[in-house]
Structures are given as C-alpha cells and as structure tokens.
Amino acid sequence: MDRLPVVVIVGRPNVGKSTLFNAITGQRRSIVGDEPGITRDRIHGEADYHGRRFELIDTGGIIPNDDEMIPSEILKQARVALESASQIIFLIDGRTEITGTDRDLAKLLRKLGKPVALAVNKIDAKVREGLAHEFHSLGFGDLFPVSAEHRLGLDELLEHITRDIPKSEAGEEPEAPKTRIKVAIIGRPNVGKSTLINALLGKERSIVSPVAGTTRDAVDETIETDDATLTLVDTAGIRRKGKTTEMAEKLSVVMARRHIRMANVVLLVVDASEGVVGSDATIAGYAHEEGRCVIVVVNKWDLANGDRKAFTAKVRDELKFLDYAPVVFASAKQGKGVDVLFGMIQEAFESASQRIGTGELNRFVATLKLDQDFKVRYITQPSVRPPTFLVFTDQGRDLHFSLERFLINRLRKEFGFKSTPIVIKAKRR
C-alpha cells in the first residue's frame, strides 16, 4: 500500500496547533487547553479533503535553541517529522507580535527547502484579517488567515496544501485488511512506557527522558506484522486524579482512560526497581474494569537483579484481579524480552475474540459437578472482547463469588481465554 503524503503542523507553544489538528482530522485526538506546551510529542492522524487523503502530524511546541531538555527533545522529534513532510503548515498566533521564536522557526523552515504555508491563527473576524498581512515579513509567500477554533479559512488552507495530492479512485479495490489490534501502553509516570514503545518499533519515536511525566499526551504508531496491524498508543503517565493539580495532568488521566477504553490489548508497565505499588493496582483496575486483555510488563529488570518467581508471586498478590494476565520480564532500554510481546498481543486478541458455540457449551455444562441445590441449565455466549457468558440457573439470584470463580476457571481450562477477563452473568431460566 502506498504511503500517504505527510503534512506537518509546526509552531511555537500555545499558538493552536492541537486545535488546528483536531479541526482538520475531525476528531479530538490531541489534548487541547490553555496551558503552553501541552502537546510535547508528535501526534499522527489521517485526514481527507474532498477525496485527497493525507497523514497529518501535530508536533510539540518548538522552542529553538532552548537549553531545557524537553524543548530540545521536542525539536528533535519535530525534525524527524519535518524530514518526511511533503507540505508544512507553519502556524503562528495572529493576535500577538512576531516573536523571536517565530523568526528562528521561520529561518529553520526556510533551510529545509520544503513548501511552507504560513497559517495565521485566531483571525476570527473580518476586522482582524488586516493584521494577518503583517506576517509576510517572515518571508513566506503563501499566507492564510484562519481561526482553528471556529474553523474559518480552513478551506483555502486545505485546498492549497492538498493541490498536488491525487484524489482517491472510487473504484479502487482495497487490500484484504489484516487483523487490526489497538494496544495501549499504560503505567505510572517514568516506568519506561516510551522506551518500551521505541524498543517495539526499533526506532526512537516517543520523547524519552528521566523527567517523570514527559509524555503528557497519547502518541501512536502502527506496526505491520505478518498477520496483524498493531497500533501502539503510548498513553501519558497516569497519576491518581486527586494528585493531579495541573490541568494537563487531569486531562491526561481522562485521555489515558479513554485510550484504555478504545484499546483491545493493554500492556501494563511496572518498574522492576520499585516493585508493584498501590498506584499500579489503581491503573491496572482501569483496564480490568473496561474488560481489556492485559499483559504485565516488568520493565527495567536489568536493574533489579531479582528472582523472577518471587517477583511474579508479588505481582499476583498485589494484582489479585489480574490472575489471567501473563507476566513478562523485560529491559526496554536494552531491547531484551520485548520481541515476545508481538506474539502475546496477537494471542490475547484472538483469545478475547473467541466465540464458543451453544452446543459446545452444553457439553461443557454436562461435565460440571455442582452442589445438589444449585443447577446450571445451560450457558450461552452473547458477546466477545471480553468473552461474556450468560448462565441460566434454576434460581433467581446472582451467582456466589466462589461459583463464579469456579466457572471462570473451568472455562479457561476448557477453552483457553489467555490474557483476557471473562464476564459471567446469571439469569433464571
């Protein structure tokens, strides 16, 4: 399949890049708020303008020549995106004076020799349009006054940047799609989620630094394996809601929980050097409540020098409700123990998608040895992901916890269901 043309949005922090990205792609994908520097990494999305499809990348707010670690990493990530760009949208704030950062960025973009459309944002009224023309001094011929928030002027901008992109043929036969699996990588801040996604991708993709909470937004990347297309979502480091004072942190928790909801498989990353802590259980609980497949990745195992059996026992003890989740020991930084995850992700997805026929389930019921005063008449499976079973009994009450646990264990033994929770619902016949 031919790769889509790439359009990259760049600009200094807080000029409205995320709002423009969301307006063009038509989805709330980036975190949008009033705090500068909320989008620290680059975010990908697909857009379609009158049949002309392209990939849109929203870079982090760039501050050239800034000595702070994070802005320099943002610049590094932005350069990776810019190298692949066929068109660049340079977004600036039309309500402020041209800043030194704007000029530095303009200089950097001119050196690339790529087509640049200068979009002057926050021009939301006719009287403001005159202000936009002052920005011609930055040296770009193609200038577009827009308001990303109110979606004004976007047609002219999109018509310009897509003019060389061919329209998709209506009669084109699409390739037979592979299984698509969405994988959310979750965990406390600074447990190595970004390092793990880089190890899986085999390239530097997310910003990695020792600063806790570096990844505030969720960034994703797609990997093609022989049998499946995996979309990896590196969620922001989750902190408990009560402890998140900054707006960005609060939004990150909301977004991370949303990405868990949208995922098929969740990789819960635990820091081996710190052990399993209370907030790991809280985060794991989000995935379990949503009925997602879970694989526990014990990262930084090279720093722990521990006993795998003892550590696994500790994981089982602290995360009792995740007894179905396999435990993998890895060092993402060294790339060790990472490759096995591809097969495990696919196995988990197939397991959660498994549907057992009613005939098979009736034969299964015949093998159950239950108390004389409680009869299971038959079982059906109304849904998958997570596998959900309706148990018809001779009584009108919910199943006792121990009986529910017994049925789940027997279903696993008989039919597999690795890495996925199983839901049991009781109904009187």
Suppose we look only past 27 Å in the calculated P(r) of the range 286-429. What percent of the Cα-Cα pairs does that tail hold?
32 percent
With all protein chains present and a 1.4 Å probe, how do K193, K320 order by accessible area, largest first?
K320, K193
When Lys and Arg each count +1 and Asp and Glu each count -1, what net charge do the other residues less than 11 Å away from D93, Cβ to Cβ, add up to?
+2
Might you work out the accessible area of S273 for me, using a 1.4 Å probe with all protein chains in place, and round it to the nearest 10 Å²?
70 Å²
By accessible area of protein heavy atoms, probe 1.4 Å, what ranking do V80, V183 get, highest first?
V80, V183
Tell me, what is the 1.4 Å probe accessible area of Y49, in Å² to the nearest 10?
20 Å²
Karplus-derived HN-Hα couplings along the range 79-85 (A = 6.51, B = -1.76, C = 1.60, θ = phi - 60°), whole Hz, x at Gly and Pro:
4, 4, 5, 5, 4, 8, 6
Please work out how much accessible surface M262 shows to a 1.4 Å probe, ignoring ligands, DNA and RNA, in Å² rounded to 10.
90 Å²
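The values are calculated or read from the model by the stated rules, or taken from the named source; none is laboratory data. Because the structure is a prediction, the values reported are computed rather than measured. We place every Cβ from the backbone using ideal geometry, glycine too, and count neighbours over all the protein chains shown. Keep in mind that these areas ignore ligands, DNA and RNA; they rest on the heavy atoms of the full protein, side chains included. Shrake-Rupley method; radii C 1.70, N 1.55, O 1.52, S 1.80 Å.
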